[in-house]
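Below: the structure, in C-alpha cells.
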C-alpha cells in the first residue's frame, strides 16, 4: 500500500541519475532517505546452506569480503555485472550524502549492520559525516530480527534503536533460510519496511523539521506533542496527503491556482504581476527559516489572497553544478 506517489528510475543508468538529480534540484527538497540494495554486500552469502528439497534455490556465493569490499577478484561475468551495478549505486549514495551535507539537507542512509556496503571505498569516504544507531526490525513489526544500521545527520533518528527482547509468547520470529511458501530466501522477504518502522521514520523527519522552525500547514497539527506517536492521519496530513479520518481538516490548497516558472535565472522575467483580482498591497518580504537561509530564497507573502515567490539565488538542495 502506497501512501504517496511513487516514481521509478533505474539509477544504474545515466538517464536514471539525470532524472534523480532533476528531482533533487527542486527547491522544496530538504531531506532524503537512501536504502541501497545489499544483495551483493550481505554477509549471509558466506553462510553454508544445504538444499533440503528438490527445487530449492542454490546457495548464493560471496561476492565481497573484508579484504575486497568493492568486489572479489576472479568473479564470473554475471557476478561482476552484479558488483558493477551495486557499486554504481554505492558511489551515487556517497555523492548524495556529500551533496546533502554541502547543501544543508537532512539525510538518512540505511543498510544491514554487518553489510559490506559500509566498508566499500565509496562509503568510507563519507562515513565521517554520519551518526549511527542500530535496531532490530522485529521491534517495529517485522517477522524476523533483522539488524539494521541507519546513518544520518540529524540526531532525531537516534531514537530508532529498539533491540529485540527475545522470543516469548507475545513475540515470535519466523525462521531464516528458504521460505517454504514462496521458495525464496527469507532475507528477500525482509526488504519491505513494516508500517511501524515507516511511521517512526516519517515522524522523526517531521520532528526534525519542527525543531528547526519548519511547521506543517494544517493548524490542527500544532497541538501534536513531539513525543507523541503520530497517527496515520496526522502523518498523511503532514506529508500533504488528504487524511482519511475526520480528526484533521482536509489538506485543501489556500489558492485557487498556482503558476510556476522554471529556468535559468537570467531567462526568467524580472517582474511578475499577479492575476487580476489578487490583492498585493499587503505584501511583505521575509526570509525563509534560518535552517534554509543558505538556499537564498526570499518570500513575498500577500496576507490576503496571493503569495509570490521571487528566487534571488540558488534555491535547490542539489544544484545543476552537482550533476
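Look at the stretch 122-139: where a residue is under 18 Å from residue 93 (Cα atoms) and a partner is loosely packed, with under 14 Cβ neighbours inside 10 Å, sitting 6+ places away or on another chain with Cβ atoms under 7 Å, you get 131/155; 131/158. You will find that of 153, 161, 111, the residue that is surrounded by fewer than 17 Cβ atoms within 10 Å (Cβ to Cβ), under 30 Å from residue 212 (Cβ atoms) and touching a strand residue (DSSP E or B) at 6+ places or on another chain (Cβ under 9 Å) is 161 and no other.
Every number here is computed from the coordinates shown, using simple stated rules; none is lab data. Every value quoted in this text rests on a predicted model; they were computed, and no experiment measured them. Cβ coordinates were reconstructed from backbone atoms using ideal geometry, including for glycine residues, and neighbour counts include every protein chain displayed.
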